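Heads up, the thing below is written out as structure tokens.
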Amino acid sequence: MKISGSVVALITPMHDDRVDVDALQGLVKWHSVNCSDAIVVVGSTGEGALLSEDERKEAISAVVETSKLCERRLPIIAGCGTISTRNTIEMVQNAEQCGVDVAMVVSPCYVKPSQEGVFQHFKTIIDNTSIPIIIYNHPTRTGINLQNETIVRLCSEFHRIIAIKDSSSDLSKIAYLRSQLPDTVSLLSGDDAINIGFLAQGGNGIISVTANIFPRLCKRFMSAWQNNNVGEAFEIHQTLMPVHLSMYCEPNPGPVVYATSKFRGFYNEVRLPLLEVRENSLSAKIIDEAIDSVCNSSFLKIVE
């Protein structure tokens, strides 16, 4: 399986501190129609770390089963990962039982293992599961940065690793990995603000927060790049940049949940210790103005 193009890092809609399954299913159908290439469910943007295991299964199953009913079925990627190797194995196995296509496994946070410890962590997960794996490197969330040599070693020894999602913002890392890894391993940007630079270093796609709001425009951006229309890709990237930046004016996913609640009519609710972006706040003004700028752009009129 090859994961590339515009992948949405899907929010998990909430209402009264419970997963809003109907809203979640509606989002899956909407992304199928609106050109996303794949869906990440219960990842960082989907508040996966704040869900119970039963809630995770509920959300993953709802996304998988809804996708099967869509005319254009999207690959489903489940966000996985805890500080414990044993618990992560169980999480991946549960996601597999729910029918996902791929597990995206973030490196363990808080305990700060050595690079050899991280290698053994992923090796043990792969040895005890059977679905394709995306390795997720996010140093600011986990406290460790997967070194290039560790990633190359993992991909050389375990061919079920089909992609690396990188949120380190280190573009030299992407250039090096592209030179060392086979084309069968996709490199996926985890930071919308540097998407075009990431692709220029050999990236194959994006796992996008902004795609929750503008999926067709994110797909148009990727299509332009893949078709060597660099000028159009750059122009779309610049058009989307205010939204990319506004999605982190408060901790993710507060801003994108606020924006999606306005666009799609969902409840503006996240789970503690996260907080909602409040109407009429400075953050709300930043997000509203960013979205308005894209809505008034010529590109949105073309793709909608």
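Lys/Arg Cβ at +1, Asp/Glu Cβ at -1, dipole of the chain taken about the Cα centre: which of Leu240, Thr82, Val102 is farthest positive-ward?
Positive-most Cα among the choices belongs to Val102.
So how strong a dipole does the chain carry about its Cα centre when Lys and Arg Cβ are +1 and Asp and Glu Cβ are -1, to the nearest 20 debye?
540 debye
Run the simple label-point estimate for Glu289 and Tyr248 please: 7 Å along Cα→C-beta, distance reported in nm.
So the two model labels end up 2.0 nm from each other.
How big is the gap, in Å, between the Cα center of the stretch 88-111 and the Cα center of the stretch 174-193?
Rounded to whole Å, the Cα centres lie 21 Å apart.
Quick check: pseudo-label points 7 Å beyond the Cα along Cα→Cβ at Glu279 and Val33, how many nm apart are they?
That separation, rounded to one decimal, is 2.6 nm.
Give me a comma-separated list of calculated 3J(HN,Hα) values for the stretch 259-271, in order, Karplus coefficients 6.51, -1.76, 1.60 applied at θ = phi - 60°, integers in Hz, x for any Gly or Pro.
After applying 6.51 cos²θ - 1.76 cosθ + 1.60, I find 5, 5, 4, 6, 6, 10, x, 7, 6, 7, 9, 10, 9 Hz.
Given springs between every Cα pair under 10 Å in a Gaussian network model of the chain, which of Asn34, Asn228, Asn145 has the largest fluctuation?
Between Asn34, Asn228, Asn145, it is Asn228 that shows the largest mean-square fluctuation.
What is the fewest-to-most order of Glu289, Glu96 by other Cβ atoms lying within 10 Å of their Cβ?
Exposure proxy ranking, most exposed first: Glu289, Glu96.
Note the full-extension length gain between Ile83 and Asp17 as 0.36 nm times their separation in residues minus their Cα-Cα distance, in nm to one decimal.
So the chain would gain 21.3 nm between Ile83 and Asp17.
Enumerate the residues in the stretch 109-138 having an amide nitrogen under 20 Å from the point lying 7 Å beyond the Cα of Ser172 toward its Cβ.
From the stretch 109-138, the list is 137-138.
Using +1 at the Cβ of each Lys and Arg and -1 at the Cβ of each Asp and Glu in the chain, identify which of Asn212, Ile134, Val270 lies farthest towards the dipole's positive end.
Ile134
If the limit is 26 Å between Cα atoms, which of Lys29/Lys123; Lys57/Lys112; Lys112/Lys173; Lys173/Lys285; Lys2/Lys173; Lys29/Lys57 go over it?
The answer is Lys29/Lys123; Lys57/Lys112; Lys173/Lys285.
Grab the other residues whose beta carbon is less than 13 angstrom from that of Ser223, score K and R as +1, D and E as -1, and report the net.
+1
Given the rule -39500 (n - 2.57) for each run of at least 4 DSSP H residues, summed and divided by the residues of the chain, what is its mean residue ellipticity at 222 nm, to the nearest 500 deg cm²/dmol?
Calculated mean residue ellipticity at 222 nm is -14500 deg cm²/dmol.
Would the stretch 5-226 count as rounded, prolate or oblate if I go by the C-alpha gyration tensor, calling it rounded below 1.5 in a/c and otherwise prolate when a/b exceeds b/c, oblate otherwise?
oblate
The numbers here are math on the coordinates, done by the rules we state, and not lab data. None of the values given here were measured: they were computed from a predicted structure. We place every Cβ from the backbone using ideal geometry, glycine too, and count neighbours over all the protein chains shown.
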